[in-house]
1. Sort the following peptides by mean Cβ neighbour count (other Cβ atoms within 10 Å, averaged over residues), highest first: 200-213, 77-90, 255-268.
2. Provide the gained length on full extension for the span residue 226 to residue 259, in nm with one decimal, where the gain is 0.36 nm per separating residue minus the Cα-Cα distance.
3. Taking the 0 to 90 degree range and rounding to the nearest ten, how far is the long axis of helix 55-66 tilted relative to the main principal axis of the chain, both from C-alpha atoms?
4. Mind jotting down the distance between the C-alpha centroids of segment 19-96 and segment 160-207, whole Å?
5. Would you calculate the separation in nanometres between label points at residue 32 and residue 121, each defined as 7 Å from the Cα along the Cα-to-beta-carbon direction?
6. Could you sort 224-235, 55-66 so that the peptide with the highest average Cβ count within 10 Å comes first and the rest follow in order?
7. In angstroms, what radius of gyration and Dmax does segment 106-224 have, counting Cα atoms only?
8. For the chain, report the translational diffusion coefficient in µm²/s to the nearest whole number, using Stokes-Einstein at 37 °C, 0.692 mPa s, and a Kirkwood Rh over Cα pairs.
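Since every read-out is calculated from the coordinates, none of them should be taken as a lab result. All of these numbers come straight from a predicted model, not from anything done at the bench. A quick note on method: Cβ atoms are made from the backbone with ideal geometry, for glycine too, and the neighbour counts reach across all protein chains shown.
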């Protein structure tokens with residue numbers, strides 16, 4: 001079964017390198033209905049949501065954003081090299097007002113499901129690749145899941161699998177891939193990641209004073225891009241990971257042909273070390 005799977009996705013990957021006009025466009029515009037503008041005290045961040053992978057989480061998160069639910073809440077758990085987590089006061093009325101969600105950490109795929117392959121047999125999965133700009137992994141031809149690469153947006157939860165509601169986190173350090181499949185990823189940062197990295201760390205080393213909650217980074221506002229006046233929108237185009245141009249870039253990145261590499265690294269490619277390019281089309285005066 002595994003050999004058959006490798007052949008299938010290798011075929012999909014090589015096909016994307018061909019001259020098929022259906023995959024030749026290098027850029028795509030984000031859907032403003034599934035794009036969030038996060039305003040922090042020090043800058044603005046654009047987030048692409050992933051309803052095609054985590055529909056219930058995106059639906060609930062979008063509804064909360066529309067109600068300005070997150071405005072004024074703080075990033076209360078920010079660990080260097082790990083995650084920046086935010087949400088309402090745990091156990092408070094606001095926290096309790098949100099419905100609990102069932103896990104959407106993994107999704108079923110059919111035999112004809114395709115994505116642009118990156119690597120076979122990495123440390124956590126049989127195959128990794130990109131679908132619609134999102135990093136994913138698969139262990140067979142029946143299921144796949146999104147991966148915890150830097151910039152990932154996922155929903156926090158308690159020990160029970162189906163216990164997520166409104167608290168969320170961004171991955172700000174090395175990819176904690178051991179969280180794959182047991183947490184629900186539902187979006188990713190596509191613009192302003194430097195502002196996410198600048199969120200005040202709340203975790204301190206032994207001997208330092210704890211960070212006062214008054215110094216935690218607040219969310220100034222969160223809005224769906226569709227709800228922002230046209231003149232004020234930030235419009236981003238994203239690299240099309242189903243394009244022939246992207247597939248060619250993967251081949252070159254794996255080969256490391258630059259003269260800088262006087263000693264060639266192994267011909268492998270970590271899914272989380274393939275940055276998806278974006279470009280600013282329009283920046284509103286917000």
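1. 77-90, 200-213, 255-268
2. 7.3 nm
3. Here the helix axis deviates by roughly 40 degrees.
4. Computed from Cα coordinates, the inter-centre distance equals 11 Å.
5. So the two model labels end up 4.9 nm from each other.
6. 55-66, 224-235
7. Reported Rg and Dmax, both Å: 16.9, 56.
8. The calculation lands on 164 µm²/s.
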